[in-house]
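Student: Quick one: the structure is below, questions incoming.
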């Protein structure tokens with residue numbers, strides 16, 4: 001019996017290590033997906049600015065500083081959202097790990113109880129085993145819900161990134177819908193526009209859009225923070241209730 005119990009405890013330890021590895025993999029997946037999305041959006045912003053410059057008959061090299069300044073601004077906004085979503089994702093992972101660890105501790109305590117109380121009435125074993133299974137299942141349900149929240153966090157992060165570039169998206173669609181002939185003459189006329197007009201109609205407009213992104217991102221950061229606080233509080237509330245019911249069941 002002692003040998004079986006030791007094997008069970010070793011399996012619990014191995015399972016814990018696998019679960020930690022699984023969470024590491026999920027976090028790496030989160031970072032990979034968001035980095036790929038970020039790179040795609042930044043490349044898009046850079047190309048969009050270049051297209052605007054070319055459309056006005058200007059040279060891209062003449063506006064390197066303006067372009068770099070705008071791109072840096074967008075990079076900062078992506079980083080702001082990423083940092084907040086990363087914290088949210090990480091906090092959910094921590095909750096999952098704590099739930100899983102608590103499951104293993106409850107199981108290990110049951111094994112210890114069996115070893116130390118070989119003369120206990122059968123009813124006591126059954127009562128404690130039933131309480132353990134109920135707690136284990138409740139924790140499994142919480143883990144499943146948290147894992148869904150991880151997926152939701154990734155989806156929300158990508159939506160946040162899309163929101164950052166939505167102004168540029170709408171502007172590009174307008175350019176694409178132009179008749180090719182009209183577009184040709186439009187470019188020809190723009191070639192002779194003054195530098196001041198180009199900067200007002202393109203550079204300043206993009207900077208204004210970026211300013212709007214900064215304002216919206218600031219609000220979004222507060223929203224994400226509150227989402228995280230509410231989620232963790234809800235998990236803690238449910239966990240406390242499950243633990244209370246478990247304690248009452250084994251008394």
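The values are calculated or read from the model by the stated rules, or taken from the named source; none is laboratory data. For clarity, every value in this text was computed on a predicted model and none was experimentally measured. In this analysis, Cβ positions are derived from the backbone assuming ideal geometry, glycine residues included, and neighbour counts consider all displayed protein chains.
Student: Sort out which residues of the stretch 74-125 are over 17 Å from residue 149 (Cβ atoms), at pLDDT 90 or above and buried (at least 17 other Cβ atoms within 10 Å of the Cβ), and write them in order of number.
Tutor: Selection gives 74, 77, 78, 80, 81, 82.
Student: Regarding residue 231, is this residue in a helix (DSSP H, G or I), loosely packed, with under 10 Cβ neighbours inside 10 Å and either modelled with pLDDT of 85 or more or touching a helix residue (DSSP H, G or I) at 6+ places or on another chain (Cβ under 7 Å) (or both)?
Tutor: So residue 231 fails the test.
Student: Say whether the condition of being modelled with pLDDT of 85 or more, exposed (fewer than 14 other Cβ atoms within 10 Å of the Cβ) and closer than 26 Å to residue 95 by Cα is met by at least one residue in the stretch 34-49.
Tutor: Yes, because at least one residue in the stretch 34-49 is modelled with pLDDT of 85 or more, exposed (fewer than 14 other Cβ atoms within 10 Å of the Cβ) and closer than 26 Å to residue 95 by Cα.
Student: For the stretch 16-25, enumerate the residues that are surrounded by 13 or more Cβ atoms within 10 Å (Cβ to Cβ) and over 21 Å from the mean Cα position of the chain (by Cα).
Tutor: 16, the sole residue that qualifies.
Student: Counting only residues that are free of Cβ contacts under 8 Å to residues at least 60 places away in the same chain and over 14 Å from the mean Cα position of the chain (by Cα), how many does the stretch 26-53 have?
Tutor: Looking only at that region, the number is 7.
Student: Further question: I need the full set of residues from the stretch 193-228 which are free of Cβ contacts under 8 Å to residues at least 60 places away in the same chain and not in a helix (DSSP H, G or I), in order please.
Tutor: 194
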